[in-house]
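Worksheet for the structure shown next.
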Amino acid sequence: MWKSDLPKPPIGSFEKCAKCMAQFTVTKYTLAANPPPGWLCHPCAKAGGSDPFKKVGPRKRKAPAGDGSGRRVVVYFEERKFPSLVSLCIDLIGACIDDVEALGDIGNVNMDEIAKTISKSRLLTAQNAPLFYDVQNARLSLYDVTKLEPPALIALSNLNPNLTELRLDYCGRTTDEVLAHWETALPNLKRLELLGPFLVKAPAWQSFFRAHPSLEGFLITQSPRFDLDCMCALVESCKNLQELRLVEIGLMQDSFLEPLHNLAGTLSSLSLASPGSTMNIDPLSEDALIKLIAAVGPGLTHLDLSYNADIGDQFLFKGLKPHTRKLKSLRLEHCLELTNAGVAEFFDAWVTTAQKAGVEPNPPLERINLSRNHGLGSDALIALLEHSGPGLTHLNINEWKAASQDSLQTIAERAPNLHTLDIGFCREADDSVIKALLDSCQTLSEVKVWGCQRLTVACPRKRGVNIIGVEAGQLVQS
Amino acid sequence: MVEEHAEGNAAPATSENDWVRLISNDGYTFLIRRKVAMNSGTLKNMLNEESNFAEAATNTCMISERGIIVEKLCEYLSYKALYQNSPQKETPEFQERLQPEIALDLLMAADYYEDPTES
């Protein structure tokens, strides 16, 4: 407020005028000299052109942003993006969706690929979705239905009344109303796969199950509302359930597993990965899972219990080893209680245990995903290859950081039928491991090697085999 | 848009203004400026001089799409090269140059060749 840095002398004190040098009494109206320093007497201040009596009122408030109506005006910035050819094509398809003839012969293009492309840029809308609809459709997979609102999801069922398999990803807008409509509109539904149906409440699930007793596959990921009653209703209504996926189910508890025992004999594919939520951490106990496998294990071909923190070696010994008969695919991602020695012992003794018990041993596995178990290493890998090697088509041992170069080298020798392999973050993997793989695995099409720092730019390559994540190569490129 | 069945051999030296050749799977040949082709992330990678791809060595890309699709792709790339830095008001709509008959095929080709994250 003051022009000078010095504080104004107290009112009533004497001060010398900075201009005329005359002594004067400081008042409330005394002004600072301009340029500073000093203070001006009343006549000099007036002569200088400034009005000492000018009111220094309270500072006016800044006018509030807006048009005076009280609401804030939001300023929109539109980042101008050059229209991509993909979006232009999709717009065009949307515009002439009612005139299917105009789109030419649809038969020769792969509609599933189109569905993936449109979903990739999240451009599937109620307007262009009918491109994929047909009264005769028995299967429908849409990969991103974020923009389909409940009426559009209802329309979907009305326009595809003969669906037996339905898969919808990112179906967050599916509500009770939609599911209730599907009860009658999709009478033949046998397999339902949903990613993110978090709005559907428990009563809607139950009534849906009762309406679809012939359901054979029920696969959902992410639901905070699916509860024990839903599980009971599912098991009671759908006696032929073969495929069950309940991944990231917030309310999951040990008690959920008991009804599942009734599915022994029919259930062939089971996934209970990542159960619980932040309020309900690691809810499934190893004991309950062992009991479950004891009941349904003999019929299982696929089992996924990833991210169940309580699973340890006991589960392998008391659950899998004695009870599985025809398992082909096993996923135990991020089960950190598993030990190197335990996993090695499990694979070593799997066959002999069955033979001792006089039962058919489990055949070699085709798909194994034991990734993100950083405690596992060479012993486990060698035993695994010894047991399942020739049958293996897909192997993921990402983050087995202790696996030695020798053990990684044996993959090529023991598992010649591999299609895909992930040895990311296996620190000992080097060029010779890759070379051995390329030499002996003729069906190999993909190897992931993120975080394998010992691979060099000279990492061997081969036509038809994608080697993904060679970091040494990237450094050279940039 | 230049469409010709050119014969001259491709120049080994690369510059913004030299030509690259796109060949459709039914045998049509299209010549476009290198800087136009660079608007496609996939073509850019194919023609990257640091790579060892045959495409880069010969400045020729085989495109497994029909001629009509490759033609429209070239047309779009030229359109993009011409207008991507000009104000929106002066940019004509490309939509009206698209025929619905090829929309689905073009969509698949665009998805592969456009690859906006790369460009």
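Every number in this text was worked out from the coordinates using simple rules, so none of it is lab data. Quantities reported herein were computed from a predicted structural model and do not represent experimental measurements. Using ideal geometry, Cβ is built from the backbone for each residue, glycine included, and neighbour counts are taken over all protein chains shown.
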>> For Cα pairs less than 8 Å apart in space and 6+ apart in sequence, what is the mean separation divided by the residue count of region A:286-424, i.e. the relative contact order in percent?
In response: 21
> Are there GluC sites (Glu not before Pro) in region A:114-219 that DSSP marks as loop and that have at most 15 other Cβ atoms within 10 Å, and which are they?
Replying inline: none
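If you rank A:290, B:23 by fewest surrounding Cβ atoms within 10 Å, what's the result? Don't skip to the end; give the middle numbers.
On the way: A:290 21, B:23 16.
If I rank by nearby Cβ atoms, fewest first, I get B:23, A:290.
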> Calculated FRET efficiency, residue B:81 and residue B:53, Cβ-Cβ r, R0 22 Å, to nearest 0.05?
Replying inline: 0.50
> Roughly how many whole Å is it from the C-alpha centroid of region A:235-294 to that of region A:326-380?
Replying inline: 21
>> Helix-only estimate, please: 222 nm mean residue ellipticity of chain A, summing -39500 (n - 2.57) across DSSP H runs of length 4 or more and dividing by its residues, to the nearest 500.
In response: -8500 deg cm²/dmol
> Rounded if a/c is under 1.5, else prolate if a/b beats b/c, else oblate: with a ≥ b ≥ c from the C-alpha gyration tensor eigenvalues square-rooted, which is region A:351-478?
Replying inline: prolate
>> Apply the a/c threshold of 1.5 to the C-alpha gyration tensor of region B:19-113 and tell me whether it is rounded, prolate or oblate.
In response: oblate
> Got a sec? How would A:393, A:27, A:278 order by Cβ neighbour count within 10 Å, fewest to most?
Replying inline: A:278, A:27, A:393
> How long is the gain from residue A:91 to residue A:471 if the chain were fully straight, where each residue apart is worth 0.36 nm and the alpha carbon distance is subtracted?
Replying inline: 132.9 nm
>> With 11 Å as the cut-off, how large is the P(r) tail for region A:111-160, expressed as percent of Cα-Cα pairs?
In response: 66
> What is region A:83-241's relative contact order, in percent, from Cα pairs under 8 angstrom and six or more apart in sequence?
Replying inline: 16
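For residue A:99 and residue B:26, what does the FRET efficiency come to when R0 = 35 Å and r is the distance between their Cβ atoms, rounded to the nearest 0.05?
On the way: r = 27 Å, r/R0 = 0.77.
It comes to 0.85.
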> In degrees from 0 to 90, rounded to the nearest 10, what is the angle of the helix A:405-414 Cα long axis to the longest principal axis of chain A?
Replying inline: 50
> Could you give the nm distance between label points at residue A:440 and residue A:26, where each point is 7 Å from its Cα heading toward the beta carbon?
Replying inline: 9.6
> So what's Rg/Rh here for region A:83-241, counting alpha carbon atoms and using the Kirkwood radius for Rh?
Replying inline: 1.00
>> Below 8 Å between Cα atoms, with a sequence gap of 6+, how large is the relative contact order for chain A in percent?
In response: 5
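For A:28, A:147, B:89, which order do you get if you count the other beta carbons within 10 Å of each Cβ and list the fewest first?
Fewest-to-most Cβ neighbours within 10 Å comes out as B:89, A:28, A:147.
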>> Rg and Dmax in Å for the protein assembly as shown, alpha carbons only: what are they?
In response: 35.2, 121
> Under 15 Å Cα-Cα from residue B:44, which aspartates and glutamates qualify once same-chain neighbours fewer than 8 residues away are excluded?
Replying inline: B:16, B:18, B:55, B:111, B:114, B:115, B:118
> Taking the DSSP beta bridges in chain A as the whole, what percent of them are antiparallel, to the nearest 5?
Replying inline: 15
> Hey, got a sec? Which GluC sites (Glu not before Pro) in region B:70-119 land in a DSSP loop and have at most 14 other Cβ atoms within 10 Å?
Replying inline: B:93, B:118
> Between residue A:453 and residue A:214, what length comes free when the chain is fully extended (0.36 nm per residue of separation minus the Cα-Cα distance, one decimal in nm)?
Replying inline: 80.9 nm
>> Rounded to whole Å, give me the distance from the Cα center of region B:42-79 to that of region A:183-219.
In response: 47
